[in-house]
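Reading through the structure tokens given below for one structure.
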Amino acid sequence: MKMEKSGPAKKSSVKNGNGQNSDSKFELIRCERNGVRCKSHLAFINEEYSISETYLQNKEYQKSIEALNEAFYRTYQLKETTCINCAKMFRSTIIRSLEDIQIELKGMSQGLFKTRRYQSSYILAGDVLKSIKEEAKVS
Ligand SMILES: [Zn+2]
């Protein structure tokens, strides 16, 4: 996805079921030098996030979780001081998304239609959440 330096907001932004802009979820607000250093990382984060949403819609939880995990660790590449707060916000958004997935999977792994696939994804969600929350705490 190509990021424009500035200019008017996109007129036709596609909304998904959550009312979020599914095109680029994350924006850097005060990037220095037009975000030269951050642009590629931001594009990667947005891409992984939208990939994770697509997987989620297809109930491919494992891949969805992995994409969020990738996006999470990439936020640490946003190292400009002006962007650190944005990166923190991105991480908490990613954590919230993972928590939503975990809740969804909890029901599916324990419900009437439980399957081994959902159980293992539920465990994966828990493991990933635990380690990224740990990571977010120390950094
Ligand atoms: Zn930046």
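Tabulated results
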read-out	value
Top-ranked residue in the range 35-49 [being surrounded by fewer than 19 Cβ atoms within 10 Å (Cβ to Cβ) and assigned to a helix (DSSP H, G or I); ranked as farthest from the ligand (Cβ to nearest atom)]	GLU47
Residues of the range 80-107 satisfying the condition of being farther than 22 Å from SER64 by Cβ, within 12 Å of the ligand (Cβ to nearest atom) and in a helix (DSSP H, G or I)	THR81, THR82, CYS83, ILE84, ASN85, CYS86
Residues (modelled with pLDDT under 95 and of a type in the set (D, E, K, R)) located in the range 60-81	LYS79, GLU80
Among (1) modelled with pLDDT under 95; (2) among the charged types (D, E, K, R); (3) surrounded by 17 or more Cβ atoms within 10 Å (Cβ to Cβ) - the single one LYS137 does not satisfy	(3)
Residue satisfying all of: in the range 69-79; out of contact with any Phe, Trp or Tyr (no Cβ under 7 Å at 6 or more places or on another chain) and in a helix (DSSP H, G or I); surrounded by the most Cβ atoms within 10 Å (Cβ to Cβ) among these	PHE72
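The values are calculated or read from the model by the stated rules, or taken from the named source; none is laboratory data. These figures come from a predicted structure and were not determined experimentally. Using ideal geometry, Cβ is built from the backbone for each residue, glycine included, and neighbour counts are taken over all protein chains shown.
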